[in-house]
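> Before I ask anything, let me first share the structure, which is written out below as structure tokens.
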Amino acid sequence: MSSPEKRPGDEATGPAESLPVVAPQLRALRRRASLTLEGAARAAGLSAAHLSRLETGQRQPSLPMLLALARVYGTTVGELLGERVPDRDAVVRAGDMEPTAAGGWTYWQAGVSGRGMQALRVHVPYGSQGDIVRVHPGEEWLHVLKGRLRLRLGDTTHRLAPGDSAHFDSLTPHRLAAEDDGGVELLFVHTLLQSPTATLCLGPTPGETP
């Protein structure tokens with residue numbers, strides 16, 4: 001008699017003592033998404049039996065599993081792990097937006113941490129980072145506030161003026177550059193599901209080789 005077929009990610013990862021909150025969260029978020037065990041497992045590339053073991057705490061999910069389940073449930077890895085952002089952090093005041101430099105850009109954090117979306121106000125100076133190609137998981141939306149932006153998506157170049165916006169899959173290779181000497185100012189939102197590749201949206205950090 002043949003053994004049940006294994007799906008990618010079905011390998012045992014040990015008991016979940018170190019992440020006790022994950023099991024009930026997985027079950028609650030699946031139900032919130034109105035998904036059956038079989039449907040959620042299929043969408044995440046797991047077997048129903050393995051997802052059941054994750055939900056009952058018999059197995060501990062790996063990071064790839066958490067990323068896959070977060071996408072299926074329309075949430076973040078942080079929420080899967082039980083993290084909560086206090087209500088008082090829902091509003092970010094202008095005076096609390098400290099400028100930060102990264103890879104020649106200046107940006108202001110316009111949203112709170114621990115969310116599936118990151119919102120930024122960004123200043124891109126002329127001649128900075130225009131030759132760096134960025135590719136990473138998620139989606140991006142940007143809106144030009146001031147100046148003109150040259151946006152290259154794959155093999156197509158777009159020129160955006162103040163008031164123009166763009167929304168694209170950030171797995172599409174993309175480049176951003178200012179067209180004017182004074183640079184360009186943007187509102188910028190991206191979804192990365194708590195991925196460490198978030199820094200790629202802002203270019204390399206000082207001292208890092210592109």
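The values are calculated or read from the model by the stated rules, or taken from the named source; none is laboratory data. Nothing here was measured: the structure is a model prediction, and the numbers come from that model. So basically every Cβ, Gly included, is an ideal-geometry build from the backbone, and we count neighbours across all protein chains shown.
> I'm trying to understand the selection: among the residues of segment 144-160, which are farther than 20 Å from ALA101 by Cα and surrounded by 12 or more Cβ atoms within 10 Å (Cβ to Cβ)?
Just the residues of segment 144-160 that are farther than 20 Å from ALA101 by Cα, to begin with: 148, 150-160.
Answer for segment 144-160, where residues must be farther than 20 Å from ALA101 by Cα and surrounded by 12 or more Cβ atoms within 10 Å (Cβ to Cβ): ARG148, ARG150, LEU151, ARG152, LEU153, HIS158, LEU160.
> Taking ARG175 as the residue in question, decide whether it is surrounded by fewer than 17 Cβ atoms within 10 Å (Cβ to Cβ) and farther than 30 Å from THR76 by Cβ.
Details: surrounded by fewer than 17 Cβ atoms within 10 Å (Cβ to Cβ): yes; farther than 30 Å from THR76 by Cβ: no.
Against the criterion (surrounded by fewer than 17 Cβ atoms within 10 Å (Cβ to Cβ) and farther than 30 Å from THR76 by Cβ), ARG175 does not qualify.
> Scanning for something surrounded by 14 or more Cβ atoms within 10 Å (Cβ to Cβ), closer than 26 Å to LEU63 by Cα and within 19 Å of the chain's Cα centre (by Cα), does segment 92-104 turn up at least one residue? Please lay out each step first, then the result.
Taking segment 92-104 as the starting set, the residues that turn out to be surrounded by 14 or more Cβ atoms within 10 Å (Cβ to Cβ) are 92, 97, 102-104.
Next, from what is left, pick out any that are closer than 26 Å to LEU63 by Cα: none.
No, that holds for no residue.
> When you scan segment 143-196 for strands (runs of 3 or more DSSP E) that lie fully inside it, which ones turn up with 3 or more residues that are out of contact with any strand residue (DSSP E or B) (no Cβ under 7 Å at 6 or more places or on another chain) and at pLDDT 95 or above?
Filter on segment 143-196 gives an empty set.
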